[in-house]
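The structure appears right after this line, and notes come after that.
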Amino acid sequence: MPAADIVIKGAREHNLRDVSLTLPRNRLICLTGVSGSGKSSLAFDTLYAEGQRRYVESLSSFARQFLGQMPKPDVDLISGLSPSISISQKTSGQNPRSTVGTITEIYDYLRVLYARTGQGHCPKCGRVITAQTRDQIIDRISTLPEGTKFLLLAPIVKAQKGEHRDLFVDLLKQGFVRARVDGTVVSLSDDPKLDRQMRHNIEVVIDRLTAGPGLRPRLSEAVELALKIGKGTLIAAVEKEDGLPSPSRNKGDGLGRPSSEEDTPQVDNARPKRRRGRSADDLHFSADYACTECGISFEPPSPQLFSFNSPQGMCQTCDGLGEVYSFAAELLIPDAELSFKQGAIELIGPWENLGRWKRHIYDGVAETIERQHDLGPDTLLDTAWNKLDPAFVRSLLWGTGDLHITFTWKHGAGVHKYGGKYEGIIPELVSRYRNTKSAMQRRQLEKYMRVIGCVECGGARLNEQSRAVTLTSRHPRFAGQAKSLPEVCSLAVSDAADFFGELELDATRQIIAAEVLKEIRGRLGFLTNVGLNYLTLHRTAPTLSGGESQRIRLAGQIGCGLVGVLYILDEPSIGLHPRDNDRLLETLTRLRDLGNTVVVVEHDEDTMRAADHIIDFGPGPGVRGGEVVAAGSVQKICGEKRSLTG
């Protein structure tokens, strides 16, 4: 008996009857037998349970208090046991943030690939993003209206937890006196107290300036220092008249009118919550990453920028989920044959039922859109809803973004005009739903709500900057096509493998991407080998079947390249076509050839014939089982008269 083999003596877990046997190391071992004969009791409740118990006991007492004490299985002796990994028939959890890409770690490599070799584009104009020189940054800041007061900030901490006391002390020693912490300017001498469990954004105040003639020499010196402290990035934060940085959203009705108008009710901003730390009037500049045409600067790409689980990369509207609980257009509009004025939107009703302050808002939006697209007057509000252009429908329902709209308010004998932004019907309804204290009104509104795809990101989960970074493939099926990370993740695994088969990269980027591409192609190949080439990388874990989850974890384990591990699998061939079953067996033998012991609980004949060692349990189920009927090669099993498997 080789010393390296796994020896089991006196296993009595569940219905096992003092089972003693030897498992050869670094072999593919198949445990078979009728259902209830005890094979799973030996594999999972004895072998795996003892392996996990020994692992937990090897940890410190501090770590063990969080993991709990695991019971010792009913067995006299297990020797030669390796670290154990169980891959059983169960789903991968109910967390919608877990996807096929994240479970197999392919998405982690994709984030690195796009961050280091992807080509960025401006989300506004689509032009390629190029580096901004120091003079271009100064010229852009100099275009601020004369008399505008602004702070020049150098970002040094972004979305990081901690109290950052040492950082504040170090900044004071360098001569800086103020910093903006989570959107609020504080004095460093006051020793800011931060919650160490929260993520914080910290920007040091380099200088406070006022736009106007003669600013350039001082601005040039401040920009140079800010780029040095901020490692190539800086922020120009425009101040309000009271000297404080502008908030990310003005108070009032969200449509440009002051909140003091007594004859008009306020319309609260209905967009989903915004994260603190970034002002609407912040001008971001980067010496490395900017669109010179639009004058917009971006943060240099990092792997976190492409993570929908990170505040840096997630879509701020849906928090990286790709879905929101909001009002569905098809529920709001039961009869699409009606026009807006006829009451197509049920919760708003016909035109004559709207108050004056409501009618003038929709009139202003319609006039602006009609003027922009050369439409006739009253086209937008008088046309049947199902005949409107989808872009116009989206503008009415979800707002017009940063588009400036002129509203005409007739009050008494006078006419008052003002400009503002239109937030949209659905954001206004969402605000009403969130702010109402009436349970009856909330239930009434919920009749028109359900989980829908995020309108901001289109279900891509990422923000607009990360969605604008692309890679181009040379594969004949994708020749010349540039795809973003969400677009690649929406491809089937087989199509993604073709896309990454050959990328258009220059010599430098080929060197950078070599190892990452090797991992991506290998793991996509593993998914194909276990018959999962039809899945997409953005498929969420709750939607996977038990067999799919098991094979995904199996592909992930092969990609990890672990050696000297005891793998225990629970019927991995369930639901597989014979062609895919052959691929699965190739995967298991590859796992064995890496230097691992693979134990498979299986009834499939092909798996049994491919195994190096078979152990047949029986002779019957339950109390009539729990014995090793035969063990060894296929021929030995077939020669045993008591073996039903034989």
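The values are calculated or read from the model by the stated rules, or taken from the named source; none is laboratory data. Small disclaimer: the values here were computed from a predicted structure and weren't measured. Positions of Cβ are generated from backbone atoms using ideal geometry, with glycine treated the same way; all protein chains shown enter the neighbour counts. Surface areas here come from the heavy atoms of the whole protein model, side chains and all, with no ligands, DNA or RNA. Shrake-Rupley method; radii C 1.70, N 1.55, O 1.52, S 1.80 Å.
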Cα centroid separation - region 323-341 against region 622-636, whole Å: 64 Å
Entries of K149/K193; K149/K417; K341/K417; K124/K358; K124/K417; K173/K193 with Cα pairs more than 26 Å apart: K149/K193; K149/K417; K124/K358; K124/K417
Burial order of peptide ranges 530-536, 34-40, 188-194 (average beta-carbon count within 10 Å, highest first): 34-40, 530-536, 188-194
Listed residue (I141, L381, G419) projecting farthest to the positive dipole end of the chain, Cβ model: I141
Sequence ranges 572-582, 611-621, ranked by mean other-Cβ count within 10 angstrom, highest first: 611-621, 572-582
Among 390-396, 102-108, the order from most to least packed when residues are scored by Cβ within 10 Å on average: 102-108, 390-396
Magnitude of the charge dipole, region 293-367, Cβ model with Lys/Arg +1 and Asp/Glu -1, debye to 20: 280 debye
Estimated inter-spin distance, T210 and D135, nm [label 7 Å along Cα→Cβ]: 2.9 nm
Net +/- balance of residues flanking S643 in space, Cβ distance below 10 Å, scoring K and R +1, D and E -1: +1
Å² of accessible area per residue within region 294-363, as computed with a 1.4 Å probe and no ligands counted: 40 Å²
Region 411-469 shape via C-alpha gyration tensor axes, a/c threshold 1.5: oblate
DSSP beta bridges in the chain [antiparallel fraction, %, rounded to 5]: 80 percent
Residues K124 and T184, FRET efficiency given R0 of 30 Å [Cβ-Cβ distance, rounded to 0.05]: 0.55
Whole-percent carbon and sulfur share, accessible surface of region 451-495, 1.4 Å: 45 percent
Cα gyration tensor shape of region 389-504, rounded if a/c is under 1.5, else prolate or oblate by comparing a/b with b/c: oblate
Theoretical FRET efficiency, 1/(1+(r/R0)^6), r = Cβ-Cβ of D74 and D593, R0 45 Å, to 0.05: 0.85
Cα centroid of region 138-195 to Cα centroid of region 527-596, whole Å: 50 Å
Using a Förster distance of 22 Å, the FRET efficiency for V634-L562 (Cβ separation, nearest 0.05): 0.20
Added length on full extension, which subtracts the Cα-Cα distance from 0.36 nm per residue, R54 to K9: 14.5 nm
Pair L67, H577: separation of 7 Å Cα→Cβ label points (nm): 4.2 nm
Whole-number accessible area per residue in Å² for region 131-250, which is evaluated in the context of all protein chains at 1.4 Å: 54 Å²
Net charge dipole size for region 91-197 [Lys, Arg +1 and Asp, Glu -1 on Cβ; Debye, nearest 20]: 220 debye
Positive-end residue of P542, V530, T470, charge dipole of region 441-573 with Cβ unit charges: P542
Virtual spin-label span in nm between I511 and R450, 7 Å along Cα→Cβ: 5.5 nm
Dipole moment magnitude, nearest 20 debye, the chain about Cα centre, only Lys, Arg, Asp, Glu C-beta charged: 980 debye
Region 1-113 shape via C-alpha gyration tensor axes, a/c threshold 1.5: prolate
